[in-house]
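Q: Supplied in structure tokens, the structure appears directly below.
The values are calculated or read from the model by the stated rules, or taken from the named source; none is laboratory data. Given the structure is predicted, the values throughout are model-derived calculations rather than measurements. FYI the Cβ positions are ideal-geometry reconstructions off the backbone, even for glycines, and counts take in every protein chain you see. What goes into the accessible areas is simple: the full protein's heavy atoms, side chains included, and nothing from ligands, DNA or RNA. Shrake-Rupley method; radii C 1.70, N 1.55, O 1.52, S 1.80 Å.
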Amino acid sequence: MTIVGYTDRFSYQPGDTVVGMLGRAGPQLVGVDDSVDADVVDVDVVRLLHGDTDPAGPGFRTEPVPGTPVRRVGVAEQQTAVGSFMHAPRVGPPTAEPVELDCWVWPTRPASGTDCGVLGLTTADGAPVLAVTLDGAGRAGLVVADGDVVVRLERPMLERRWYRIRATASAAGCELSAEPCDPVPGDAGPDRLAGPGVAIAAARDVVVAALALKHTAAGPRSSGNFDGKVERPVARFGPVTAGEWAFERESDSDLAVDVSGRGRHGRLVNMPARAMTGHAWNGDTAGPRDDPLQYGAVHFHADDMIDAGWAPGVRIALPDGLASGVYALRLRTGRGDPDHVPFVVAPPVDGPRAEIAVLLPSFTYAAYANLRPPTDRPVRDPHDHLLAAHPEFGSSTYDRHGDGSGVCYASLARPVLTLRPTYRSWLTGCPRHFGSDLSLLYWLRANGHRFDVITDHDLHAAGSAALDGYRVVVTGSHPEYCSAQMLDALDTYTRCGGCLMYLGGNGFYWVTSFRSGVVEVRRYGGTRTWDGEPGERHHSTTGEPGGLWRDRGRPPNALTGIGMTAQGWGPATGYRRTPLSFEPDWSWVFDGVPGDVVGTSGLVLGGASGDELDRCDAGRGSPPQTAVLASSLPHGAEYHAVVEDVLAVDGDLSGLTSPLVRSDMTITERLGGGAVFAVGSIAFVGSLLVDDGVATVVRNVLENFLARTRAGRR
């Protein structure tokens, strides 16, 4: 057995208590079983210094944290809650007959091969009493308490088409119908069938998109989950509407609002997709703000998983004076390598601050969480093997659900095996994201710089106050996902004299919303792995348009001087200095660097310019005062210009020939005395520890930025 875990949040402050959810991950997780002896694990806290195990670098390094003694705890298997649904309690019992169930349905996997529930009544314990279901062939049926099918329609429902389903039941008889909204040949009107009488007196709760529930201390768990949209579910008892749930209301929450007047509000569990187009959507509206009634559907998925719901396994109080940095719960069983569950300790809100803040891109960590390798890619890392054995650990926002729709929500409230210090990405075979960012922290510490660590989560919550007092803010290697609050804070910071060092690539790219620990992304218009459906490109959590920030008039170029231009995962290259860099105003950046080329070696893809790249472009919002000091050497055929910069397929857009495929190293001065240094490459920080000029350049810029702000310019 392997012991894995996660923490109740990613960012803490000194004196906080870290709550660790711990579980046994064998070949499969099968649920809690009290008859199985729990494994024993030793848990303590260590500071993470460096993660990459490449022998050319410092190797994996940690240090103990005084005041956090080892705790030995028992760890049992944990059950992970998978599948989204709606649960509305205490709707019944029926006071009159017949009982009627009514809703609009848009199935996405009608022939899934398994039975699933669409809309039903259950006992208070979650057992089915009367349920509209789809069988494995996509045929609607009416199922009663003992699992018997009393009615089964003949025509299978077709994929991605709207139907109105109605069922009535009483002691005298029952009837089920499915009426297509837009009939096609073969639809000879509603498919309708009558059946025998059924007993419904035990009905208490209403469930949507699941067949049955099991109530646990962590909340209800579902079975028989449905893939597809459901709109305006209604339960009627005789002439009385017992519950009618308007999904277009409160779509920024997990509340399913009952508009019957009885207050039988429901809860949406495991965060199915909200603000989705309904059966009456006509394409004339841009989003739910224009006409909420056209966005009354919720898209449920049998594989939705936003919070694993594990029981706490250990609680560890952090020392009051603990320095800001990156730490981990170290889990040791005596068998195999320990697991390190990372978290950040941010500086105290009202305490002293260092001169430098490192902004870790935790929204990016969440968006990429548990991104699994495609089937045609070799599995490079043991964590990927473990992920393959545990689909219940959930997906990244780059993945698709089982029904083909894109995953638009993600959180860190689950075991995230790609968020480990030693993890090597299947995409590059190198550290990426968190592992790379540890190299940046290691370099800063090794060079004697005192710094605080904050996260996207912190910056989003506190806004510009999170950056108050810092002379220089340094980003991680891939700050791709950012909210409006984060952009506002960074823009205010640089306009008011602060200095920003953007040491990554593909930064500040996707519009990202955040609520209750969950990031939301609606993809379209950029370089992407899936497209949001027409009409479904607004965020449910904020109502704002999704897609790229540049299409919202806030291109990354405006903040950093550069923006996403190309990607590829072949060998990285170095940078060649421009003539401008030799002029007196800028030559200080390269003091101590021999020659005119830097960054031709590194621990990530072998050089400083690689993976995803940014370029300076006035047409994309780069300020006129942006100074381009170096540009990357030519890239290979593995690199290509991003799709949003290509209006038509007009020739070779690879790194061999396209001028769009490059990293630009720039400085942009601000009126308030601040400045932004940018490098335009995810691979860049991998060259800090193999100094062929990169570390010297970063040191020169950092010391210049600190000196200018100490002199009173901030």
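Q: What's the magnitude of the charge dipole for segment 157-216 around its Cα centre, counting Lys and Arg as +1 and Asp and Glu as -1 at the beta-carbon? Answer in Debye, nearest 20.
A: On the way: 7 positive and 7 negative charges, 48 e Å.
With Lys and Arg at +1 and Asp and Glu at -1, about 240 debye.
Q: What do you get for the angle between helix 694-708 and the principal long axis of the chain? Use alpha-carbon atoms, 0 to 90 degrees, nearest ten.
A: For 694-708 against the chain, the angle is about 90 degrees.
Q: If you don't mind, there's one more thing I want to ask. Please state the charge dipole magnitude for the chain, taken about the Cα centre, from unit charges on C-beta atoms (+1 on K and R, -1 on D and E), reported in debye and rounded to the nearest 20.
A: Its charge dipole is roughly 1040 debye.
Q: Accessible area per residue, 1.4 Å probe, Å², for the chain: what's the number? Before the final figure, lay out each step's value.
A: Values: 25650 Å² over 714 residues.
Value returned for the chain: 36 Å² of accessible area per residue.
Q: Let me ask something else. By DSSP, what percent of the beta bridges with both residues in the chain are antiparallel, rounded to the nearest 5?
A: Around 85 percent of the beta bridges assigned by DSSP in the chain are antiparallel ones.
Q: For 306, 682, give the ranking by accessible area with the largest first, probe 1.4 Å. Could the numbers behind the result be given before it?
A: Details: 306 25, 682 5 Å².
Result of the area sort, largest leading: 306, 682.
Q: While we're looking at this one, here's another question. Roughly how big is segment 542-691's charge dipole about its Cα centre, with Cβ charges of +1 (Lys, Arg) and -1 (Asp, Glu), in debye to the nearest 20?
A: Details: 9 positive and 18 negative charges, 39 e Å.
It works out to roughly 180 debye.
Q: Same structure, new question: Quantify, in whole percent, the carbon and sulfur part of the accessible surface of the chain (1.4 Å probe; protein heavy atoms only). Don't jump to the answer; show the numbers that get you there.
A: On the way: 13140 of 25650 Å².
Ligands and nucleic acids excluded, carbon and sulfur reach 51 percent.
Q: In 10 Å bins starting at zero, report the fraction of Cα pairs in segment 98-162 per bin as a rounded %.
A: Here the calculated profile for segment 98-162 is 22, 54, 23, 1.
Q: Would you work out which of 565, 464, 234 lies farthest towards the positive end of the dipole of the chain, given +1 charges on the beta-carbon of Lys and Arg and -1 on that of Asp and Glu, about the Cα centre?
A: Comparing the listed Cα positions along the dipole, 464 ranks first.
Q: Next question, about the same structure. By its C-alpha gyration tensor, with a ≥ b ≥ c as the square roots of the eigenvalues, how is segment 335-391 shaped: rounded for a/c under 1.5, else prolate for a/b larger than b/c, else oblate?
A: It is prolate, given that a/c is not under 1.5 and a/b is the larger ratio.
Q: Would you tally the net charge around residue 663, using a Cβ to Cβ cut-off of less than 9 Å, leaving residue 663 out, and scoring K and R as +1, D and E as -1? Intermediate results must be reported in sequence, preceding the final value.
A: Values: positive: 615, 662; negative: 614, 664.
Result for the neighbourhood of residue 663: 0.
Q: Continuing with this model, one more query. Would you work out which of 101, 133, 60 lies farthest towards the positive end of the dipole of segment 44-134? Charges go on Cβ: Lys and Arg +1, Asp and Glu -1.
A: 60
Q: Here are some values of percent of Cα pairs over 48 Å apart: (i) 27; (ii) 22; (iii) 49. Which one was computed from this structure?
A: Only one listed value fits the structure, namely (ii).
Q: Please give the solvent-accessible surface of residue 596 in Å², to the nearest 10, using a probe radius of 1.4 Å with every protein chain present.
A: 60
Q: Add +1 for every Lys or Arg and -1 for every Asp or Glu among the other residues with Cβ under 15 Å from the Cβ of residue 220, and state the total.
A: 0
Q: Read phi for every residue in segment 389-394 and hand back ³J(HN,Hα) as whole Hz from Karplus 6.51 cos²θ - 1.76 cosθ + 1.60, θ = phi - 60°, with x for Gly and Pro.
A: 7, 9, x, 5, 6, x
Q: Could you rank 192, 161 by how accessible they are, 1.4 Å probe, largest area first?
A: Largest accessible area first, the list is 192, 161.
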